[in-house]
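Before any comments, here is the structure.
The values are calculated or read from the model by the stated rules, or taken from the named source; none is laboratory data. Note that the coordinates shown come from a computational prediction; the quantities given were computed from them, not determined experimentally. Here the Cβ positions follow ideal geometry from the backbone for every residue, glycine too, while neighbour counts run over all protein chains shown.
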Amino acid sequence: MRIAYDVTPLSHPRTGVGTYIRGALAGMAEAAGNEHELVAFGPVSFRGRDTLAGALDGIPVERKIVTVPFAHATRRAWSTLGRPPTERFIGDFDVLHFTDWMHPPQRSGVRATMIHDLGPLRFGDRLHPRTVRMHTVNAREAKRCDVIFTNSEFTAADLADTLRLPRERIRVAHPGVDARFRPDGERHDAGRPYVFTTATADWRKNLETLRAAWPLLSDELSLLALGDLGYVPPERLPSLYRGAAAFVYPSRFEGFGIPVVEAMACGVPCVVSAHPSLNEASGDAAIRVDPEDREAIARGIEDAIVRRNELVQRGLEHARRFTWLETGRVHLQGYADAL
C-alpha cells in the first residue's frame with residue numbers, strides 16, 4: 001500500500017493530538033518495513049515547516065510538505081472547494097488519512113481519519129467557536145470515510161452512538177508510550193515535594209477543582225501544573241513526571257488520557273478522574289476520584305503517596321501494554337481491510 005498521512009498538526013507546538021500523530025506514523029513505519037510506502041504530507045506555514053521537520057526526525061517516511069502563506073486559510077479553502085485532488089501534489093496512493101485540520105479531496109483509494117474524542121461537540125458552549133466548527137466538520141466528514149480510527153473503546157462507542165457511525169468501520173488504536181518515558185533518568189527538582197499535573201485552564205482539564213483541593217493537603221506539598229509553565233517541549237516531560245510525589249489527572253472528559261500512561265511509565269503513582277473516558281488509560285493502576293469533589297481529590301493524593309510502591313509497580317506493568325508499534329499495526333490492518 002502507498003499511504004498518504006496528513007501531518008499538518010505537527011507544524012505547531014506538540015499537544016496530545018500531535019503526540020498521537022507522530023507516534024502512530026512512527027509505529028506504522030516500524031511495522032511496515034519495506035512492505036508499504038508511507039508519505040507524510042500537508043500544506044503548512046513557513047514558520048511551521050521547521051517545527052514539522054523536527055517532529056518527523058527519525059521517522060523513515062517520504063515527505064511531501066508544501067509551504068504556503070496563510071496555511072490555516074489555505075487548508076480550509078482546499079477542503080471547502082474540493083479541488084484539486086491530493087493526487088496532484090503527491091501522486092497516486094491507496095489510502096489517504098486526514099486529520100481534523102482539513103479534509104482534502106481525493107480521486108480514489110481508501111479514505112480514513114482519526115477522531116480523538118467528541119468533547120468539542122459535547123461541550124461546544126465552553127470552547128472557541130472555530131474549534132467547535134472544525135470538529136463539527138470533521139465529524140461530518142468521518143461519515144464519508146471507509147475507516148475511522150479512535151484511541152479508545154470509550155470513544156468508539158461514543159462515535160457509534162452519537163454520530164451513528166457503523167461500528168464495523170471504527171478501529172480502536174490505543175496510543176503508545178515513547179521510550180523516553182521510563183523510571184530512570186533526570187528528575188525535576190522543585191526544591192520541595194510536589195504533585196504534578198498536566199491540567200491547564202481548559203475547562204475539561206479541570207485545574208480549578210484541583211487547586212481548590214490544595215488547602216486540604218499538607219503545606220509540605222506544592223502543586224506544579226503544566227498550565228503554569230507555558231509550553232514545555234516533549235523532552236522535558238519525563239523529568240517532570242519522575243520528580244513528582246504523585247501525578248494528578250482530574251479531567252472531566254477525555255478521548256483516552258495519554259499523560260496517565262506516560263506518568264505510569266515514569267514510575268509515578270497516579271490519581272485520575274473517575275470519568276469512564278479514562279478507564280482504559282487507568283486500568284487498575286490508579287487511584288480514581290470524582291473530578292468535581294475537591295475533598296475526594298485531596299484524599300486520593302494522600303492515598304497515592306502512602307501506596308506509592310504498590311501503585312508504581314501496577315502502573316509500570318499497565319503502561320507496558322501500550323506501544324506505538326501496536327498502534328501502527330492497527331492502522332495498517334484497518335487500511336488493508338478497507339481496500
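Answer yes if at least one residue in the range 227-235 is closer than 24 Å to ALA156 by Cα, in the same structural domain as ARG308 (by TED's automatic domain parsing) and not β-branched (Val, Ile, Thr), and no otherwise. Looking for residues that are closer than 24 Å to ALA156 by Cα, in the same structural domain as ARG308 (by TED's automatic domain parsing) and not β-branched (Val, Ile, Thr), one finds none in the range 227-235, hence no. Residues in the range 207-266 that are surrounded by 18 or more Cβ atoms within 10 Å (Cβ to Cβ) and aromatic (Phe, Trp, Tyr): TYR241, PHE247, TYR249, PHE253, PHE256. So in the range 66-96, with the set limited to residues that are closer than 15 Å to ASP6 by Cβ and either of a type in the set (A, V, I, L, M) or not assigned by TED's automatic domain parsing to the domain that holds GLY42 (or both), which one is surrounded by the most Cβ atoms within 10 Å (Cβ to Cβ)? Checked the range 66-96; the qualifying residue surrounded by the most Cβ atoms within 10 Å (Cβ to Cβ) is LEU96. How about the range 105-120: which of its residues are of a type in the set (Gly, Ala, Ser) and assigned to a loop (DSSP other than H, G, I, E, B)? The answer is SER108, GLY109. Looking across the range 285-315, the residues that are without any contact (Cβ under 8 Å) to a residue 12 or more places away in the chain and more than 25 Å from TRP203 (Cα to Cα) come down to VAL306, ASN309, GLU310, GLN313. Of the numbered criteria (1) surrounded by fewer than 23 Cβ atoms within 10 Å (Cβ to Cβ); (2) more than 15 Å from PHE247 (Cα to Cα), the one VAL312 fails is (2).
Within the range 69-104, the set of residues being acidic (Asp, Glu) and either under 21 Å from THR15 (Cα atoms) or not in a helix (DSSP H, G or I) (or both) comprises ASP92, ASP94, ASP100. Looking at SER273, is it under 21 Å from VAL172 (Cα atoms) and crowded, with 18+ Cβ neighbours inside 10 Å? It is false that SER273 is under 21 Å from VAL172 (Cα atoms) and crowded, with 18+ Cβ neighbours inside 10 Å.
Restricting attention to the range 4-34, the residues that are surrounded by fewer than 22 Cβ atoms within 10 Å (Cβ to Cβ), in contact (Cβ under 8 Å) with a residue 12 or more places away in the chain and not in a helix (DSSP H, G or I) total 3.
If we scan the range 47-56, do we find a residue that is free of Cβ contacts under 8 Å to residues at least 60 places away in the same chain, assigned to a loop (DSSP other than H, G, I, E, B), of a type in the set (A, V, I, L, M) and assigned by TED's automatic domain parsing to the domain that holds GLY328? Reasoning before the result, please.
Our first condition is that a residue be free of Cβ contacts under 8 Å to residues at least 60 places away in the same chain; within the range 47-56, this holds for 47-56.
Add one more test, that the residue is assigned to a loop (DSSP other than H, G, I, E, B), and what stays is none.
No, the range 47-56 has no match at all.
ARG140 passes every criterion in (1) under 18 Å from ILE21 (Cβ atoms); (2) part of a helix (DSSP H, G or I); (3) not polar (S, T, N, Q) apart from (1). Of the residues making up the range 203-219, one or more are among the hydrophobic types (A, V, I, L, M, F, W, C), over 28 Å from LEU52 (Cα atoms) and outside any helix (DSSP H, G or I).
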